[in-house]
Amino acid sequence: MEQGGSANPKGRQVAVVVGATSKWQADGANTRLVHGGATVEDADVPVSARWGVGGAIAQRFAREGLFTVMTTRARANAEPLAAAIADQGGEGMIVELDLASPASIAGAFEQIRREAGDPHVLVYNAGYLEGRQLPPEQELFEFFPPEMFETAIAVAVRGPFLVAQQVLPAMRRRGGGSIFFSNNPQSLRGRKRGTGQSLYYPRVMVRTLAQVLTEEYTEHGLHVANVIIDGVIDAPGIRGVYGSMPVMDPAKIAEAFWQLHVQDPSCWVHELQLTPAPRPPSV
């Protein structure tokens, strides 16, 4: 095993999940938005789904013995997830990280390297709700507030760039590592933003970054992939909102990420689109 940091004395390999919690968790921002400001109960939601895709990925990698770092803007958001991982026999830590602040990103990864060690896996799962709260009369592009646009840019453009820069040097020197980006079908091409939707066209840049890093770093042993999650993901705040629409199981999505990580290098997948049957894939 490699030398770990103070929080990882066993020297376990380190997986970092940026965006380990969900805006659709019981007390999440999206949950409050669609439920009139109220939180919801999550006792009947499987533990694997209580914190969306990020929480399911964190649990899956921790279950395989990796020291799992959960980043979130506020520590309290991830404390129940960290407790669930500990209950399952996993190890990890919470690190506060604000993607709107380059200083916060740099400080968070300095803490990760010091307390956990250099990451072997990075999963960039950050999202944003900006645009969902706008009324129908602000559906047209010309009415989208510039300050909301800045948040979308911070999460979908600047954030991935700065976060990737934090892990690439050590992965390149080691000659191996996995960098996976979770994405949505709006990354495939530009689409109109409807009422109740976020401004998603900047997500195209996440996909493009994954393609660029694949070209630059595959020769250095890094596996980079863009994962398009093409459907509604189960979470406490989602239940009862989308009617009979097929819902994706976060645990099954997390399994796809794990399988990407353990793929043989002779047949790496660099883009994966996950769509719930019987719905056809988005194009």
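The values are calculated or read from the model by the stated rules, or taken from the named source; none is laboratory data. For clarity, every value in this text was computed on a predicted model and none was experimentally measured. Neighbour counts are summed over all protein chains in view; Cβ atoms, including those assigned to glycine, are modelled from backbone coordinates with ideal geometry. Just so you know, the surface numbers come from the protein's heavy atoms only, side chains and all, with ligands and any DNA or RNA stripped out. Shrake-Rupley method; radii C 1.70, N 1.55, O 1.52, S 1.80 Å.
Note on the stretch 200-240: residues that are open to solvent by 60 Å² or more (accessible area, probe 1.4 Å), over 20 Å from residue 281 (Cβ atoms) and not in a helix (DSSP H, G or I) total 2. All conditions in (1) part of a loop (DSSP other than H, G, I, E, B); (2) touching a Lys or Arg at 6+ places or on another chain (Cβ under 9 Å); (3) open to solvent by less than 50 Å² (accessible area, probe 1.4 Å) hold for residue 245, with the sole exception of (3). Within the stretch 166-197, the residues that satisfy the criterion of being open to solvent by 40 Å² or more (accessible area, probe 1.4 Å) and either of a type outside the set (D, E, K, R) or in a loop (DSSP other than H, G, I, E, B) (or both) are 166, 169, 175, 186, 188, 189, 190, 191, 192, 195, 197.
Take residue 127 and decide whether it is within 26 Å of residue 68 (Cα to Cα), open to solvent by less than 40 Å² (accessible area, probe 1.4 Å) and at pLDDT below 95. So residue 127 passes the test.
Here residue 208 meets the list (1) within 18 Å of residue 149 (Cα to Cα); (2) within 18 Å of the chain's Cα centre (by Cα); (3) without any contact (Cβ under 8 Å) to a residue 12 or more places away in the chain almost entirely, failing just condition (1). When the criteria are applied in full, residue 41 meets the requirement of being closer than 24 Å to residue 196 by Cα and open to solvent by 40 Å² or more (accessible area, probe 1.4 Å). Do any residues in the stretch 28-44 that are in contact (Cβ under 8 Å) with a residue 24 or more places away in the chain and farther than 14 Å from residue 241 by Cβ have Cβ atoms under 6 Å from those of residues that are open to solvent by less than 70 Å² (accessible area, probe 1.4 Å) and among the basic types (Lys, Arg), where the two are at least six apart or on different chains, and which pairs are they? Listed pairs, sorted by first residue: 42/50. Checked against the criterion of being buried (at least 18 other Cβ atoms within 10 Å of the Cβ), in contact (Cβ under 8 Å) with a residue 24 or more places away in the chain, among the hydrophobic types (A, V, I, L, M, F, W, C) and out of contact with any strand residue (DSSP E or B) (no Cβ under 7 Å at 6 or more places or on another chain), the candidates 155, 69, 95 yield just one match: 155.
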